[in-house]
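What follows is a single structure, written as structure tokens, with notes after it.
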Amino acid sequence: MSPALALLLTILSPVADAPRALPGTTWIKDPSLFAALDEKVAQLQVPPGSSVRDIASALNSISNGELERARALFDWIAGHMAYDDDAVAKRSFERDPAVLAATLRSDCGGFARLFHAVGKEMGLTIHEVGGVIRSLQPPAEIFISDSKQFVKGQWLVSHVWNTVKIGDATGLLDCTAACTRSITNGKLTDRARINEEFFLPEPGAFATRYIPDESKYGLVDHLPVATALAGLPIVYPIASRTGLDPAALQPAMSDSGPFKRLVFKGFGSVGAWSQLTSEGSTVNRSTLSQSDGKDLVVWIAPPAGPSCLNIWWMDSKGKERIVASYPIGLNTASPKLPTIYKIFGESRSELSEPIAGELKADEPVTFRIRIPGADSAGLICNDQPVVHLQRNGDWFFGRGTVPQGKVCVCAQFGGKSYWHGLLLYDVR
């Protein structure tokens, strides 16, 4: 058992708050500052089979100072080295920097070792950091022997990453998580774009997922013990670059019967949305996201087993990113939310009731929904209107019985007669 794993499994007093970066750490808020340097790295010609010294010399020729050199090296390794699934499956781990430089394929330990070796040759001060990363999804088969489930629905997986000195400050990075290439069954796959969020991420967010064997390499005021860690969200590095207050990622949660309601303050203005997964698979009809332009409200219908709520956000380059993942506890029931149609989100509609996606036939039910811009709204079953919803500003409400089958909440917009479906309920 690694020291980090032993630390986490030692139950101490719970830590109430998330880890925070220590003074003397550095992190990058705006990776676009490196756009010109990134392009130079992309155009750099380094002959295949080059030595550690040759790679270092080539990268030094296009960069100046510790920050640029660390970024150039990060870019180059993440864009040229392949994660070798075949070697990991065979438990064959290359650590000789000369061999790694020539072959450019390895596991996480090889990535960290080559970054260390080339960086040292470039004049950088670098450490290889061993530990574990926390996952709310089951590990892939090739990682099972390096993983341990520490609570229901959460795993710790062995991993290696790096720290680098920039002036008097220290930063974190993970070339493996950023890499574009992988080798599986002898086939090379290239995703073409590195994941730059893992270059000098904010240490507090990083520590919700990465736990080093030696606590000093966490660069935070404390490493959460198991009981506290299990309840913390995993905050991905991109979260600190959304421009939002970190408090937005600590939602207020309340229960309503078998459902959970989370409110993310200030997160409704960035176009975020949610997804619930269980055992690595998406759970249909399990989340309902709605925004008033300021806050993001997420209703969750947790499945019977442990699950994970992912909050997604689209970055400035149009790429969908997970901002944070939240562990959701066990649920004795398996409720469903209504099916949500695209126009519900596009119109920034907000459902007040009913939240349950399954209704009882011939029993009175109250509907209350805000539909900005709608002219009229109602319930339609088998192409026939069954309940007309009264309007009060942007809100529509009504009460009535619905027949067995499927009932759709629909609305008309722009003076047109066409009905747009927003939500679909099962009636049994």
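Take peptides 317-325, 258-266 and line them up by average Cβ neighbours within 10 Å, highest first, as a rough protection proxy.
With the highest mean Cβ count within 10 Å placed first, the list reads 258-266, 317-325.
When N counts the residues of segment 184-308, how does its alpha-carbon radius of gyration compare numerically with 2.2 N^0.38 Å, as a ratio?
1.24
Rank the residues HIS388, HIS116 as a footprinting-exposure proxy: fewest other Cβ atoms within 10 Å of their Cβ go first.
HIS388, HIS116
Work out how far the C-alpha atoms of segment 242-337 reach from end to end along every principal axis, then list the three figures in whole Å, largest first.
39, 25, 20
Using only Cα atoms, locate the centre of segment 352-366 and the centre of segment 373-420, then give the distance between them in Å, rounded to an integer.
When both Cα centres are located, 14 Å separates them.
For the chain, what is the mean residue ellipticity at 222 nm derived from helices alone (per DSSP H run of n ≥ 4: -39500 (n - 2.57); sum divided by total residues; nearest 500 deg cm²/dmol)?
Per the formula, -5000 deg cm²/dmol.
What is the distance in Å between the Cα centres of segment 170-238 and segment 272-339?
Cα centroid of segment 170-238 versus Cα centroid of segment 272-339: 22 Å apart.
Using a Debye calculation, one point per C-alpha and no hydration shell, please list log10 I(q)/I(0) for segment 95-192 at q = 0.16, 0.22, 0.25 Å⁻¹ in order.
Values, matching the q order: -0.80, -1.21, -1.32.
For segment 338-428, what does the convex hull of the Cα positions come to per residue, in cubic angstrom?
79
Averaging sequence separations of C-alpha pairs under 8 Å and six or more residues apart, then dividing by the length of the chain, give the relative contact order as a whole percent.
It rounds to 12 percent for the chain.
Restricting the count to DSSP beta bridges whose residues both fall in the chain, what percent are antiparallel, rounded to a multiple of 5?
90
When the gyration tensor of segment 3-234 is built from Cα positions, what are the square roots of 5 times its three eigenvalues, in whole Å, from largest to smallest?
29, 22, 14
Round to the nearest 10 and give me the degree value, 0 to 90, for the angle of helix 108-122's Cα axis relative to the longest principal axis of the chain.
Its long axis makes an angle of about 50 degrees.
Give or take rounding to whole Å, what are the principal axis extents of the alpha carbon atoms in the chain, in descending order?
76, 48, 45
Treat every Asp and Glu Cβ in the chain as -1 and every Lys and Arg Cβ as +1, leave all other atoms uncharged, and give the resulting dipole magnitude about the Cα centre to the nearest 20 debye.
Here the chain has a charge dipole of around 620 debye.
Relative contact order of segment 286-428, please, whole-number percent, based on alpha carbon pairs below 8 angstrom and at least 6 residues apart.
It rounds to 20 percent for segment 286-428.
Please give the per residue volume of the convex hull enclosing the alpha carbon atoms of segment 258-307, rounded to a whole number of Å³.
Considering the Cα atoms of segment 258-307, their hull volume per residue is 74 Å³.
Taking a virtual spin label 7 Å from the Cα of GLN43 along the C-beta vector, which residues in segment 60-83 bring their backbone nitrogen under 14 Å of it?
Zone members listed by number: 62-63.
Relative contact order, percent, of segment 141-205 when contacts are C-alpha pairs under 8 Å separated by at least 6 residues?
23
Values in this text are rule-based calculations from the coordinates and carry no lab data. All figures in this text were calculated on a predicted structure; none of them were measured in a lab. Note that each Cβ is placed from the backbone with ideal geometry, even for glycine, and that neighbours are counted across all protein chains shown.
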